[in-house]
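What follows is a set of notes on a single structure, which appears directly below.
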Amino acid sequence: MSAAAQGAQAGGRADAGAWLAVAAGTLGALMATLDISIVNSSLPTIQGEIGASGTEGTWIATGYLVAEIVIIPLSGWLERVFGLRTFLLLVAALFTGFSVLCGLSTSLGMMIAGRVGQGFTGGAMIPTAQTIIATRLPRSQQPVGTAMFGATAILGPVVGPLIGGWLTENLSWHYAFFLNVPICIGLVILLLVGLPHEKPQAGQLLQADWLGIAGLAAFLGGLTVVLEEGEREQWYSSREIVWLTIVSAIGFVLLMVGQVTARRPVIRLKLLLDRQFGSVVAMGIVIGMVIYGTSYVIPQFLSAISGYNALQSGKIVALGGLPSLLMMPLVPLLIRYVDIRLAVGFGLAVLAFSAWLDSDLTAQAAGGDFVAGQLIRGVGTIFAMLFLNQAAIQSVTPDHASDAAGLFNAARNMGGSLALAGIAVLQDQRLWLHERRIEETLGANRVAVQDWLAAQAQGSGGMAGALRSLQGTIQLQALTMTYMDLFWILSVGICCVIPLVLFLRPLNKSAPVAGH
């Protein structure tokens with residue numbers, strides 16, 4: 001740890017350089033989280049222009065997520081090898097290059113290569129933001145840094161579809177990637193000014209936990225692909241899914257061996273045994289499911305049921321970030337005066353309530369029906385997420401801050417993968433179930449059904465047209481009921497982890513919260 005960081009941890013107030021470093025980390029995290037979802041709304045357009053099918057096009061999003069989840073836990077080790085500033089400058093430069101590659105892509109292979117590169121470099125910038133807060137700011141000022149980081153972690157996934165949709169509708173999808181170029185230039189300037197140079201520790205390469213590194217990459221990479229693609233590939237009827245599961249299992253074994261044999265494991269899984277940190281990680285998984293799950297389900301509903309375009313859907317999703325902007329100045333005071341157990345419990349309860357509100361939809365629902373749920377969800381997210389971010393930092397010593405940040409952020413993103421996998425499974429199963437249930441209620445000999453078909457046949461091209469209209473109505477109602485189920489299940493899942501708040505310890509509030 002640098003002398004400046006040690007001084008900050010000892011007490012007092014952080015200098016301007018420390019705040020510039022925090023701003024750099026926050027900007028990098030915003031850029032990385034934004035790029036997770038910025039292509040979601042423009043994906044159909046991108047697929048059409050580069051000649052990719054719908055199944056192939058999913059790898060444009062999946063490739064980024066897989067690479068990001070793999071690199072996040074490795075970031076702590078890479079920070080020690082290169083030094084924090086050198087490492088961040090390197091990943092910022094590479095992220096810019098891969099972003100340009102994506103923007104210039106003319107083929108699927110070129111696009112996937114760029115997205116995987118973006119994921120590896122962008123994912124490294126998420127936990128490093130928390131490391132900067134933990135090592136450059138004193139305890140009394142960490143809530144301010146946490147508020148800055150937490151707002152970006154919340155805003156990135158929800159405003160991504162809006163920005164991507166607007167750029168696609170008004171300019172071109174290419175600018176969703178070129179947008180990163182000026183942002184990265186600003187990030188590099190902040191890093192050069194705000195972070196001191198640290199001497200690289202090349203010896204870490206010789207002493208590295210290579211078994212753990214290989215195991216972590218294989219375990220998380222294989223597991224993420226299985227979760228993302230399993231339903232689409234019919235799970236274990238696919239040879240690829242079987243082999244990826246085996247690779248993931250072998251990776252987990254190697255990771256565990258590294259935990260026992262390495263002098264310094266690549267990531268300290270023993271931190272999960274801490275009562276507070278283990279609870280924080282578990283709740284982080286659920287919050288990841290809420291953030292990424294709702295930002296995926298709502299646009300899907302509005303597109304399939306309400307006929308919204310990408311920009312219109314993005315506006316509704318982005319409403320969830322509005323409370324974060326309004327409440328961010330109050331977060332340090334909330335952390336100072338509100339017990340973490342009450343705050344996180346309240347946040348999770350509000351998240352559960354917001355999901356329950358959206359479980360009462362109809363086929364006539366439109367964007368306005370999601371406004372209240374999105375605003376309430378934004379309030380719950382900021383209470384739960386920001387207090388858990390602060391708890392993750394304070395659960396460990398500054399020396400383990402990078403490991404803790406990697407685990408917490410990997411857990412949140414893994415929650416997103418679990419949510420998307422669960423949504424895919426439930427959509428197929430519940431849609432089939434609801435269609436069959438509706439069909440059971442429509443007996444062919446019922447007078448009401450025959451009268452409806454006769455009326456439709458007069459104006460829709462005969463009985464064949466009437467039957468197609470009936471099938472379309474059944475599918476629309478079944479799809480609406482499926483989305484209602486998804487929100488209801490999400491609400492129940494959130495309620496299941498609320499008791500974990502009892503394992504949290506009060507935050508360190510011995511020093512007054514300082515502004516800047």
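A few notes on this one:
- Rounded to whole Hz, the Karplus (6.51, -1.76, 1.60) HN-Hα couplings of region 370-379, x for glycine and proline: 9, 4, 4, x, 5, 5, 5, 4, x, 5
- Loop trypsin sites (Lys or Arg not before Pro), region 303-390 (other Cβ atoms within 10 Å of the site Cβ: 16 or fewer; DSSP): none
- Backbone HN-Hα couplings from phi across region 301-308 [Karplus 6.51/-1.76/1.60, Hz, Gly and Pro as x]: 5, 5, 6, 7, 9, 9, x, 7
- Entry note, region 209-265: relative contact order of 55 percent, from Cα contacts under 8 Å with a spacing of 6+ residues.
- Least to most buried among Met256, Met148 (fewest other Cβ within 10 Å first): Met256, Met148
- Going by neighbour counts of Cβ atoms within 10 Å, the residues Ile250, Ile305, Ile60 line up, fewest first, as Ile250, Ile305, Ile60.
- Think of region 209-265 as a dipole: +1 on every Lys or Arg Cβ, -1 on every Asp or Glu Cβ, centred on the Cα centre; then among Gly212, Ala262, Thr245, Ala262 lies furthest on the positive end.
- Altogether, the Stokes-Einstein calculation at 20 °C and 1.002 mPa s, with the Kirkwood radius of region 209-265 over Cα pairs as Rh, returns a diffusion coefficient of 187 µm²/s.
- Only DSSP H runs of four or more residues enter the estimate; each adds -39500 (n - 2.57), and after division by the residues of the chain the mean residue ellipticity at 222 nm equals -26500 deg cm²/dmol.
- Farthest positive-ward along the chain dipole, Cα basis, beta-carbon charges - from Leu375, Gly230, Gln47: Leu375
- Phi-based couplings in Hz for region 349-356 (Karplus 6.51, -1.76, 1.60; Gly and Pro marked x): 5, 5, 4, 4, 5, 5, 5, 5
- Listed residue (Leu171, Gln450, Gly150) projecting farthest to the positive dipole end of the chain, Cβ model: Gly150
- The eigenvalues of the Cα gyration tensor, multiplied by 5 and square-rooted, give the chain an equivalent ellipsoid with semi-axes of 42, 25, 22 Å from largest to smallest.
- Note: relative contact order over the chain, using C-alpha pairs below 8 Å and six or more positions apart, is 21 percent.
- Summing Lys and Arg as +1 and Asp and Glu as -1 over all other residues whose Cβ lies under 14 Å from the Cβ of Ala32 gives a net charge of 0.
- Remark: the chain carries a charge dipole of roughly 1420 debye about the Cα centre, counting +1 on each Lys and Arg Cβ and -1 on each Asp and Glu Cβ.
- Selection of trypsin sites (Lys or Arg not before Pro), region 237-277, meeting DSSP coil and at most 10 other Cβ within 10 Å: Arg263
Rule-based calculations on the coordinates, nothing more; no lab input. The structure displayed is predicted, hence computed values, not measured ones. Heads up, the Cβs are rebuilt from the backbone with ideal geometry, glycines too, and the neighbour counts pull from every protein chain shown.
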